[in-house]
Amino acid sequence: MKGWSIRDSAELYNIGGWSNGYFDLNEEGNIILTRGATGTHDIDIKKVADDLVRRGLSMPLLLRFSDVLRQQVEQIHKAFNDKIDEYGYEGSYKLVMPIKVNQQRHVVEELLEYGRPHGLGLEAGSKPELLVAIALQSGGGGGLVVCNGYKDTAYVETALLAQRLGVQTLLIVDRFQELQVIVEAAKRLGLEPNIGVRAKLSTRGSGRWAESGGDRSKFGLTAGEMVRAVHVLQEEGMLDRLKCLHFHIGSQITAIRAVKDALTEASRVFIDLYKMGAPLEFVDVGGGLAVDYDGSKTNFHASRNYSLEEYAADVVYQLLGALDEAEVPHPTIISESGRALVAHHSVLVFDVVGRTEEITQLPPPPDSDTEHQIIEEMREVATTVNRKNFQEAYHDAVQLKEDAMSLYRHGILDLEDRAKVEQLFWGTARKIWKMVRELPYIPEDVESLPNQLADIYYCNFSLFQSVPDSWAVKALFPVVPLHRHREQPTRNAILADLTCDSDGKMDQFIGLHDVKNTLELHPLDGSDPYVLGIFLIGAYQEILGDLHNLFGDVNAVHIASKPEGGYSVKHVVEGDRVRDVLGYVSYDQRTLMERLRAGIESALQMGNISFEQSAALLRHYEAGLAGYTYLENRDHLERLLSSIVPQPHLQVVKPGA
Ligand code: PLP
């Protein structure tokens, strides 16, 4: 039998499928950011994580890779520009970053920096987002801001006035009532608005967010409302300000068919509005460009059955065909491709802090003369199971376990007897699975064995804070160990987070052919921390995350490659301290300390606590308030510090030094 290789590991975790070429494995068996991403050299992500721990930053860490952001900006523009050239489309392309997808200042600023040569725009879906977008796009240069979401007078006036700062605001009428607000504000301020209408297309998207489109969608104007909008603008003498047709049929559109259908319908609307006298200059195709989270290239909800190039080709081609036939000039194409732009750039890195006891691997309990008959029978099944009788043995074992439970409930078996039965049952189950997994066909009744036998790996992160979509909509993200890929992962596990919520677990993983209920992981070797990464979490996860159990924001670190090799830490955005999250729920440090001191004082008076114990409690309490909300692995840090190899690109900072 050939040994395990790094390529086996890459295949098992389907890294080539979902990584878009940005991640791979190196000869050491660590996961890397590839030279494809940096343009020059690989960066070992496990080593980056170790370096950061040595700098005193605790896991979980959110690593944001600037190189990936830059590459995504380039790739999306290139895909559209290539198709525009190839098909002879006469308009241009503008990518707009919907900041709801990741509002973090450093992320948005980096995107604007990389997107400057292309005139990257921003999309705002609310008043707070508008205020951010205007500030970041002001200062000349004609930065585009697409204004979506509910609009009141203040929103509209702010957007209109921002034009005076050189910001090109495009006010999209999402609900018919907003048109009047825009018209009145423009008249009042004496400013010329750039107006867009969002069409409520009857075409629906595909996948989880299909409800965002279609006749019952929340936003957009019906055909009748669009006609009325044209008439209102005509009457107001403002039809020349109707510049844009916008639509959005949902995020993560999994099937290209839905994109084509939407474009066909939208092209018709565009032509009709144009023919009614609206001098449209833009068509905004919204978001929806999907991310292939599982790498399957199918129309499964975690994937997409098309490439970026195919998406761009279809958008350009569908529009071109329809517009040329109707002899309508080609508008600038805007896409609000948020997820596709930022999903790949961030990775959550965390350590495994323990795992469930191996009940399934304990040796069979010792035989005794006086044991209950049911234990004897279970022992018989456990010792006689073989390749020929495994199915029958499994049925017998399940039956005996159920009978044993019933005897226990009636007080006939005691806790020790019950434990023996369970131990023998799990030993039998493991034996059966070992036999069965080699077979070409796995009988249905034992199919669920891997799940039942799976370990639970307890991990230092909060699902609700860092990957909320995994809980809320059962979204899939690739989970991969950062190291040990030269070793075959021999355990099957599910992941449990630090929250005390039974939902705080991951038990669905990307698979080559199907969703897997367990993930192949390495055994914990007790000395070095086992470090895992959840990939492709750059879109939506951070802002949707919540403070369940008061686990706060994690330490976020921006990493950028250096042209001469190595990497630099561009920004460290420190995660919440315990006192911060307590502050969010109105506990203030001073009052808590006061209360604790009062409690200590009365315990001292009653002789319930010694001076030394009270001092120790106070120390722990104060350190706790100042500490990270997650587990701080001091041992890991000490080990790393004691094995320091000087790194040319890094100044090693010993905490407290
Ligand atoms: N534009 C609008 C109007 C949206 O509602 C959304 C999100 O659903 C987006 C753009 C971003 O979509 P995506 O992240 O799928 O590109």
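Given R₀ = 22 Å, what would the calculated FRET efficiency be for residue 369 paired with residue 406, taking r from the Cβ atoms and rounding to 0.05?
Numbers: r = 24 Å, r/R0 = 1.10.
With a Förster radius of 22 Å, E is 0.35.
Give me the Debye-computed log₁₀ of I(q)/I(0) at q = 0.18, 0.26 Å⁻¹ for segment 259-309, equal point scatterers on Cα only, no solvent, two decimals.
Once normalised to I(0) and log-transformed, intensities are -0.67, -0.97.
Which residues does a label at residue 580 reach in segment 522-554, if reach means a backbone N under 18 Å from a point 7 Å past the Cα toward the Cβ?
So the set is 541-554.
Please work out the average accessible area per residue across segment 433-484, using the 1.4 Å probe convention, and give it in Å². Show your work: numbers first, answer last.
On the way: 2020 Å² over 52 residues.
Result: 39 Å² per residue.
Could you tell me what percent of the accessible area of segment 155-297 is made up of carbon and sulfur, with a 1.4 Å probe and every protein chain present?
Percent of accessible area from carbon and sulfur atoms in segment 155-297: 48.
Mind checking the dipole of the chain: about its Cα centre, +1 per Lys or Arg Cβ, -1 per Asp or Glu Cβ, Debye to the nearest 20? Intermediate results must be reported in sequence, preceding the final value.
Numbers: 66 positive and 93 negative charges, 287 e Å.
The calculated dipole for the chain is roughly 1380 debye.
Compute log10 of I(q)/I(0) for segment 113-263 with the Debye formula, placing one identical point scatterer on every Cα and leaving out solvent, at q = 0.10, 0.13, 0.14, 0.17 Å⁻¹, to two decimals.
Values, matching the q order: -0.37, -0.62, -0.71, -1.00.
What spacing in nm lies between the two simple spin-label points modelled at residue 392 and residue 152, each 7 Å away from Cα in the Cβ direction?
Computed distance between label sites residue 392 and residue 152 equals 7.6 nm.
Would you work out which of 283, 5, 415 lies farthest towards the positive end of the dipole of the chain? Charges go on Cβ: Lys and Arg +1, Asp and Glu -1.
283
Let me check something: with ligands and nucleic acids excluded, how do 82, 455, 417 order by accessible area (1.4 Å probe), largest to smallest? Numbers along the way, then the final one.
Values: 82 65, 455 5, 417 35 Å².
The ordering from most to least exposed comes out as 82, 417, 455.
Could you pull out every residue, at least 5 positions away or on a different chain, whose amide H is within less than 5 Å of the one on residue 353? Hs are placed 1.01 Å off N in the peptide plane, and Pro or chain starts have none.
458, 459, 460
How big is the equivalent ellipsoid of segment 91-135 along its three axes, where each semi-axis is √(5λ) from the Cα gyration tensor, reported in whole Å from largest to smallest? Write out the running numbers ahead of the final one.
Working: eigenvalues 63, 31, 14 Å².
Listed largest to smallest, the semi-axes of segment 91-135 are 18, 13, 8 Å.
For 527, 470, give me the order by solvent-accessible area with a 1.4 Å probe, most accessible first, ignoring ligands, DNA and RNA.
Order by accessible area, largest first: 527, 470.
Just to verify a number: what accessible area does residue 459 come out at with the full protein assembly present, 1.4 Å probe, Å² rounded to tens?
0
Any chance you could get the radius of gyration and Dmax over the Cα atoms of segment 1-157, in Å?
20.1, 72
Can you tell which of 517, 482, 89 lies farthest toward the positive end of the dipole of the chain, using +1 and -1 charges on the Cβ of basic and acidic side chains (Lys, Arg; Asp, Glu)?
Result: 89, furthest along the dipole toward the positive end.
If you take the C-alpha gyration tensor of segment 207-283, multiply each eigenvalue by 5 and take the square root, what semi-axes do you get, largest first, in whole Å? Intermediate results must be reported in sequence, preceding the final value.
Values: eigenvalues 138, 35, 17 Å².
That gives 26, 13, 9 Å for the three semi-axes.
5 Å is the cut-off here: which amide hydrogens, built 1.01 Å from N in the peptide plane, fall below it relative to residue 246, excluding neighbours closer than 5 in sequence?
The answer is 197, 198, 199, 284.
Exactly which trypsin sites (Lys or Arg not before Pro) in segment 224-317 are in a DSSP loop and have at most 15 other Cβ atoms within 10 Å?
Working: sites: 228, 241, 243, 257, 260, 268, 275, 297, 304; in loops: 297, 304.
Listed in order of number, the matching sites are 297.
Would you mind pulling out the separation of the Cα centroids of segment 428-475 and segment 109-127, in Å?
41
Between segment 582-618 and segment 479-534, what is the separation of their alpha carbon centroids in Å?
40
When the helices in the chain are scored as -39500 (n - 2.57) per DSSP H run of 4 or longer and the sum is shared across all residues, what 222 nm value do you end up with, to the nearest 500 deg cm²/dmol?
On the way: 24 runs with 270 residues, N = 657.
Value at 222 nm, helices only: -12500 deg cm²/dmol.
Using a 1.4 Å probe on the protein heavy atoms only, what accessible surface does residue 448 show? Give it in Å² to the nearest 10.
In the full protein context, residue 448 sits at about 50 Å².
Put one equal scatterer on each alpha carbon of segment 497-638, apply the Debye formula with no solvent term, and list log10 I(q)/I(0) at q = 0.09, 0.16, 0.18, 0.21 1/Å to two decimals.
After summing over all Cα pairs, the log10 values are -0.48, -1.17, -1.30, -1.42.
Which percent of Cα-Cα pairs in segment 319-449 sits in each 10 Å bin, short to long?
Values per bin, smallest distances first: 10, 27, 19, 11, 8, 9, 8, 7, 2, 0.
Give the shape of segment 497-536 as rounded, prolate or oblate, defined through the alpha-carbon gyration tensor: a ≥ b ≥ c are the square roots of its eigenvalues, a/c under 1.5 means rounded, and otherwise the shape is prolate if a/b is larger than b/c and oblate if not. The partial results should precede the final answer.
Values: a/c = 2.02, a/b = 1.20, b/c = 1.68.
Oblate, since a/c reaches 1.5 and b/c is not below a/b.
Could you tell me the extents of segment 417-538's C-alpha atoms along the three principal axes, largest first, rounded to whole Å?
That works out to 44, 36, 32 Å along the principal axes.
How long is segment 183-342 along each principal axis, judged by its Cα atoms, biggest number first, in Å?
For segment 183-342, the Cα extents along the three principal axes come out at 52, 32, 27 Å.
How much solvent-accessible surface does residue 34 expose, in Å² to the nearest 10, with a 1.4 Å probe and all protein chains in place?
Looks like 20 Å² after rounding.
So what are the chain's ellipsoid semi-axes, whole angstrom, largest first, if each one is the square root of 5 times an eigenvalue of the alpha-carbon gyration tensor? Could the numbers behind the result be given before it?
On the way: eigenvalues 542, 209, 130 Å².
Listed largest to smallest, the semi-axes of the chain are 52, 32, 25 Å.
For segment 302-357, what is the accessible area per residue in Å², given a 1.4 Å probe and the full set of protein chains?
Working: 1650 Å² over 56 residues.
Value returned for segment 302-357: 29 Å² of accessible area per residue.
May I ask what percent, to the nearest 5, of DSSP beta bridges between residues of the chain are antiparallel? Write down the numbers at each step before the final one.
Numbers: 33 of 70 bridges.
So the antiparallel bridges in the chain amount to around 45 percent.
Taking Cα centroids, how far is segment 56-89 from segment 273-335 in Å?
That distance is 18 Å.
If you fit an axis through the alpha-carbon atoms of helix 308-326 and take the longest principal axis of the Cα set of the chain, what angle between them do you get, 0 to 90°, nearest 10?
The angle comes out near 30 degrees.
Considering the alpha-carbon set of segment 477-578 alone, what are its Rg and its Dmax in angstrom?
16.3, 47
Holding the Cα-Cα limit at 19 Å, pick out from 94/243; 151/218; 78/200 the pairs that are longer than that.
On the way: 94/243 15 Å; 151/218 14 Å; 78/200 29 Å.
Checking Cα-Cα distances, 78/200 exceed 19 Å.
To check my understanding: the extent here is largest minus smallest coordinate of the Cα atoms along each principal axis. What are those three numbers for segment 284-345, in Å, largest first?
42, 21, 15
Given R₀ = 22 Å, FRET efficiency for residue 549-residue 472 by Cβ-Cβ distance, to 0.05? Walk me through the numbers before you get to the answer.
Details: r = 16 Å, r/R0 = 0.74.
Calculated transfer efficiency: 0.85.
Mind checking the full-extension length gain between residue 202 and residue 240? Use 0.36 nm per residue of separation minus the Cα-Cα distance, one decimal, nm. The partial results should precede the final answer.
Numbers: separation 38, 0.36 × 38 = 13.68 nm, distance 2.67 nm.
Here the answer is 11.0 nm.
Can you tell me the convex hull volume per residue for segment 353-412, based on C-alpha atoms, in Å³ to the nearest whole number?
Details: hull volume 7.9 nm³, N = 60.
About 131 Å³ per residue, rounded to a whole number.
Please pull out the direction-averaged projected area of segment 430-474, using the convex hull of its alpha-carbon atoms, in nm² to one decimal place. Intermediate values should be presented prior to the final figure.
On the way: hull surface 19.3 nm².
Quarter of the Cα hull surface area: 4.8 nm².
Keeping all protein chains in place and using 1.4 angstrom, which order do 236, 392 fall into by accessible surface area, from largest down? Spell out each step's value before the answer.
Working: 236 60, 392 120 Å².
Greatest to least solvent exposure: 392, 236.
Translational D (Stokes-Einstein, µm²/s) of segment 257-406 at 37 °C and 0.692 mPa s when Rh comes from the Kirkwood sum over C-alpha pairs? Don't skip to the answer; put the middle values down first.
On the way: Rh = 21.9 Å.
In µm²/s, the coefficient rounds to 150.
With angles folded into 0 to 90 degrees, how steeply does helix 127-137 sit against the dominant principal axis of the chain? Use alpha carbons for both and round to 10.
The angle comes out near 70 degrees.
Let me know the Rg and Dmax you get for segment 43-99 when you use only its Cα atoms, in Å.
Over segment 43-99's Cα set, Rg and Dmax evaluate to 18.4, 55 Å.
Karplus couplings for segment 8-24 from phi (6.51 cos²θ - 1.76 cosθ + 1.60, θ = phi - 60°), rounded to Hz, Gly and Pro as x?
Working through the residues one at a time gives 4, 5, 4, 6, 4, 8, 6, 4, x, x, 9, 7, 6, x, 8, 10, 7 Hz.
Collect residues whose amide H, placed 1.01 Å from N in the peptide plane, falls under 5 Å from the amide H of residue 571; neighbours closer than 5 in sequence don't count.
Those qualifying (amide H under 5 Å, at least 5 residues apart or on another chain) are 558.
The values are calculated or read from the model by the stated rules, or taken from the named source; none is laboratory data. All values derive from a computational prediction rather than experimental measurement. As a convention, Cβ positions derive from the backbone with ideal geometry for all residues, glycine included, and neighbour counts pool all protein chains shown. Only protein heavy atoms, including side chains, enter the accessible area calculation; ligands, DNA and RNA are left aside. Shrake-Rupley method; radii C 1.70, N 1.55, O 1.52, S 1.80 Å.
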